[in-house]
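Note sheet for the following structure.
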Amino acid sequence: MAKILIAIDHKWRDLPGYVYAGLLLEKHGHKVYYVRNGLHEWIIPRLSPNLILLTHLYDKSEQDLSKYYHRNGIKIALMPTEGIPTLEKYRSFAVGQNCDLSGVDLHFVWNELMAELLSQTIQLTKKKLL
């Protein structure tokens with residue numbers, strides 16, 4: 001059984017989907033906690049979750065925080081609230097081409113196009129590190 005912290009974006013439309021995901025996880029024996037996105041930084045040390053589910057890592061401080069927790073054994077997952085790839089400019093941003101997603105263990109995407117772009121971004125990042 002894992003302790004999972006779900007950080008929910010402040011938009012009302014996001015709450016039902018994330019609660020539903022949490023209920024599905026609880027059906028599989030996990031303990032799920034919820035927090036408003038942006039407040040998770042203060043909850044994590046007290047809760048010591050096994051996994052943190054975030055909506056995005058747009059801000060560098062959030063990217064650094066995810067890498068810190070990742071290095072300390074906490075899994076990081078991203079489940080974007082936005083990202084339907086209608087705007088070409090947003091696609092590269094959503095898959096991390098302009099930010100550091102190296103602290104992410106699992107990244108959900110909207111469809112096959114986004115999965116392919118994420119895969120390409122990961123490959124480019126690996127080449128840069130070599």
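Using the Cβ-Cβ distance between residue 12 and residue 119 with R0 set to 41 Å, the FRET efficiency works out to roughly 0.80. Rounded to the nearest 10 degrees, the inclination of helix 60-71 to the longest alpha-carbon principal axis of the chain is 70 degrees. The calculated FRET efficiency for the pair residue 90 and residue 68, based on their C-beta separation and a Förster distance of 35 Å, comes to about 0.85.
If the limit is 24 Å between Cα atoms, which of 27/75; 11/67; 11/60; 3/67 go over it? Beyond 24 Å: 11/67. Each principal axis of the Cα atoms in the chain has its own extent, and those three values, largest first, are 36, 31, 25 angstrom.
Quick one: grab the alpha carbon gyration tensor of the stretch 1-68, order the square roots of its eigenvalues as a ≥ b ≥ c, and give me rounded if a/c is under 1.5, else prolate or oblate depending on whether a/b is larger than b/c.
Here the stretch 1-68 falls in the oblate category.
With charges only on Cβ, +1 for K and R and -1 for D and E, what is the dipole size of the stretch 3-129 about its Cα centre, in debye, rounded to 20? Walk me through the intermediate numbers first.
Working: 16 positive and 13 negative charges, 64 e Å.
Here the size comes out at about 300 debye.
In percent, rounded to a whole number, the relative contact order of the chain is 22, using alpha-carbon pairs under 8 Å and six or more apart. The label-point distance for residue 77 and residue 46, in a model that sets each label 7 Å from Cα toward Cβ, rounds to 2.4 nm.
The simple spin-label model puts a point 7 Å past each Cα toward its Cβ; for residue 1 and residue 110 those points are separated by 3.7 nm. Around residue 48, with a cut-off of 12 angstrom between Cβ atoms, what is the net charge of the other residues, counting Lys and Arg +1 and Asp and Glu -1? Combined, the nearby Lys, Arg, Asp and Glu give +3. Taking 0.36 nm per residue of separation and subtracting the Cα-Cα distance, full extension of the segment from residue 102 to residue 59 would add 14.1 nm.
Neighbouring Cβ atoms within 10 Å as the yardstick, rank 125, 55 fewest first.
125, 55
Amide H contacts of residue 76: 52, 105, 106, each under 5 Å away and 5 or more positions distant or on a separate chain (H built 1.01 Å from N in the peptide plane; Pro and chain starts excluded). With K and R counted +1 and D and E -1, the other residues having a Cβ less than 13 Å from that of residue 33 yield a net charge of +3.
Taken together, the values in this text are just the output of simple stated rules run on the coordinates, not laboratory data. Note that this is a predicted model, so its numbers are computed, not measured. Neighbour counts are summed over all protein chains in view; Cβ atoms, including those assigned to glycine, are modelled from backbone coordinates with ideal geometry.
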